[in-house]
1. Would you mind calculating the relative contact order of the chain from Cα pairs under 8 angstrom and at least 6 residues apart, reporting the percent as a whole number?
2. Distance in nm between label sites at Glu53 and Glu399, each 7 Å beyond Cα in the beta-carbon direction?
3. Under unit Cβ charges (Lys, Arg +1; Asp, Glu -1), what dipole magnitude, rounded to 20 debye, does the chain have relative to its Cα centre?
4. How long are the semi-axes of the equivalent ellipsoid of segment 3-49, taking √(5λ) for every eigenvalue λ of the Cα gyration tensor, in whole Å from largest down?
5. I'd like the GluC sites (Glu not before Pro) in segment 331-440 restricted to DSSP loop residues with at most 12 other Cβ atoms within 10 Å, sorted by number.
6. For Tyr429, list long-range residues whose amide hydrogen, built 1.01 Å from N in the peptide plane, is under 5 Å from its own amide hydrogen.
7. Given points 7 Å out from each Cα along the Cα-Cβ axis, report the Glu15 to Thr416 separation in nanometres with one decimal.
8. Pairs Lys188/Lys352; Lys90/Lys434; Lys209/Lys285; Lys382/Lys434; Lys162/Lys381; Lys209/Lys381: which are spaced more than 31 Å apart, C-alpha to C-alpha?
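Just so you know, all these numbers are worked out from the coordinates, no wet-lab data involved. Predicted model only: the values in this text are computed from it and were never measured. Here Cβ is always computed from backbone atoms with ideal geometry, including for glycine, and neighbour counts include all displayed protein chains.
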Amino acid sequence: MRMYDLITKKKHGGELTAEELRCMVEGYVAGEIPDYQMSAMLMAIWFSGMTAEETTALTIAMADSGDRVDLSAIAGKKVDKHSTGGVGDKTTLICAPIVAACGGRVAKMSGRGLGHTGGTVDKLEAIPGYETAISREKFFSIVNECGVSVIGQSGNLAPADKKLYALRDVTATVDSIPLIASSIMSKKLAAGSDCILLDVKTGSGAFMKTLDDAIALAQTMVAIGEGAGRRTVALITDMDTPLGHGIGNSLEVAESMDVLRGKGPHDLTEVSLQLAANMLYLVGKGTIEECRRMAEQSIADGSAFETFCTMVRRQGGDDAVLRDASKFPQAAVQVEIRAGADGYITAMDAEKIGETSVVLGAGRETKDSPIDFAAGLILHKKYGDAVTSDDVIATLYTESAQRGESAAQLFRVAITIGKEVPPSRPLVYARVEKDKVVRY
């Protein structure tokens, strides 16, 4: 089959077969299909869309373009979790040990941060000695021993996605739901878990800015997972304001440990418990309500925290910093930000606050940028809180006064203080299963 004919078919709204999509993906990865033809196809998909069957077939072809991880050496049902990315989004560090402490199995390969959103691997590498690059055999052994291991993405997982994403990035075709969904899910399918929980963010700090777009993406990804034989559920969660109080790698690890010890902030605790309950539900541990109670008990009895500490020790990390956050390396410079007016915090732009953390040194401006694990910020006041002019609403942590000054200017733009109490916002907007959307 000729690529020209496939482009023409899709341009006119036709449905590509699974075989046509597989040949297209294989040909592009092999270098037999040039960028200019694939660019035309991506734009045709952007305008014409794809059916659920097409999107699933494209995703499976992308997953099959490289290695597939075989997790059969790990006993029991394995559940994976994916977040579409946000600011202060440290839920993997909380959900994974909760699920493991309740008898689930989490063999997770996570990514690094880029831009205003942080990456789980960067957070874990803030723990002195923690190894995110370990052998496949050790990875399996740790999951069998303590129920959880989180490592960096390695090997040749879904190379078609890497190549296609680079092309989408320069052809204005990033914002296509079938292409976003196939990009995310191809890596999830290749990672080998039996079940997948998706945390789809919406709001100013999320890729999907509106609730309707977030639900549409979630429905597409759930359909792909189910079509590929993986039990899949999605939660739509808020990212209009950062999650929790700490933003920055070691700060987020410390706050995650607070949650696991029952003394974390309400928003982060609640979202993490809902995610963990759904992960346990997917592996058959009971109803959502029963799984929620199990998750809460694992925090109350300390088993989730100790499970995380065991994983960290098995991967070479020093769990002393988990028990006493003051043992983390400390930032040289601290900058306090005051409210400057009386009233209520009526907006807290998560994207701008994420960008503030990058300026402080906590994130990457390019994929090769170094990270300062001690850098970041702590929010002392959140959306809806009452403030007086002299209240400290945030403390910034960085290596130099110059970075602190630049970040402070950006942070002030992210905060709006008004005279009226703002409307409350839900933490979780909806739950998406196959053929069903439940709005909360």
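1. Averaging sequence separation for qualifying contacts and normalising by length gives 19 percent for the chain.
2. 5.5 nm
3. 580 debye
4. 17, 12, 8
5. Glu365, Glu420
6. It is Ile236, Thr237, Asp238, by chain and number.
7. 4.4 nm
8. From Lys188/Lys352; Lys90/Lys434; Lys209/Lys285; Lys382/Lys434; Lys162/Lys381; Lys209/Lys381, over 31 Å: Lys209/Lys285; Lys382/Lys434; Lys162/Lys381.
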